[in-house]
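The values are calculated or read from the model by the stated rules, or taken from the named source; none is laboratory data. All figures in this text were calculated on a predicted structure; none of them were measured in a lab. Glycine also receives a Cβ, built like all others from the backbone with ideal geometry; neighbour counts cover every protein chain displayed.
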Amino acid sequence: MLFASELLCLRQVSGDLPRPWLEIGVGTGRFADALGIDIGVDPASGVLPYAKRRGVRTLRATGHALPFNDGEFGAVFVIVTLCFADDAAQLLREAARVTRPDGGIAVGIVPAESPWGRFYASRGKRGHIFYSEAKFYTLEQVRDLARLAELRADQVVSTLFQRPGLGPFEIERPRESEDRRAGFVAMLFRRQPRAAGCTTRPWPANEECEPLGPLLCMKENTEIDPDNPRCPYPSSQCQFRELCPVRDAMRSKRKRKEAGP
């Protein structure tokens, strides 16, 4: 019943996406088979034969360096895979790279702040073979990771409001909302349009570009970085310190002001 609820959620955000479809972290192909995904990649060679038997084309590859051309897919699915990625931001960058401009990236997660997220995390602390390797993200952290990949959220759908341990579970209809109580959330991301004149990313020193905004910081902190008043995290504790273009732009602007005319 949990799988059926998650499947309905994913179908709601992916129904209009163009073909072909790719899944990063296809595993045994359970979602790929049910969703009709064309090809799946996974670094674990042991699971790929199971996906292949389900009729899914498979390729052994990591999501951090996909062996595909730019814009090759109409949709990329990342279903309960970010939590096992060594570099979740790079995985999303690669997903964005191989997605057509009119396509989308469907990300399915178990939010860290949800009852199900806390349940799986507690199992991981007790040594569960899978969840001990997982790093669950909050909904806001996933949005921050997506910003680093130049992606914007277009649709968010939630399900699994039944709490763990209170079964038997019923199939739930997905809700068009971003709800921290949900045990599974599907987020559809689109590629962020680049500002005119921007040759690399939509947030460098080009002042016409939209700033990146608050970056992901695993240490929840509310201090203000003096180099970047838009960011609520101190630079000494921000794991993306060297990637923050807004901070660099603020620092350059301050230096020019101090230098005078």
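A compact table of results
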item	result
Those residues of region 9-31 which are buried (at least 17 other Cβ atoms within 10 Å of the Cβ) and touching a residue at least 40 places away in the same chain (Cβ under 8 Å), in sequence order	9, 10, 12, 13, 14, 17, 21, 22, 23, 24, 25, 31
Lone unmet requirement of (1) free of Cβ contacts under 8 Å to residues at least 12 places away in the same chain; (2) assigned to a helix (DSSP H, G or I); (3) of a type in the set (Gly, Ala, Ser) for residue 51	(1)
Of all residues making up region 124-160, the number that are closer than 15 Å to residue 186 by Cα, β-branched (Val, Ile, Thr) and assigned to a loop (DSSP other than H, G, I, E, B)	1
Residue that is nearest to residue 3 (Cα to Cα) [pool: residues in region 56-108 that are basic (Lys, Arg) and part of a helix (DSSP H, G or I)]	93
Flag for residue 98 being in the same structural domain as residue 182 (by TED's automatic domain parsing), under 14 Å from residue 25 (Cα atoms) and modelled with pLDDT of 95 or more	no
Residue 167 vs. criteria of a type outside the set (A, V, I, L, M, F, W, C), surrounded by fewer than 21 Cβ atoms within 10 Å (Cβ to Cβ) and at positive phi	no
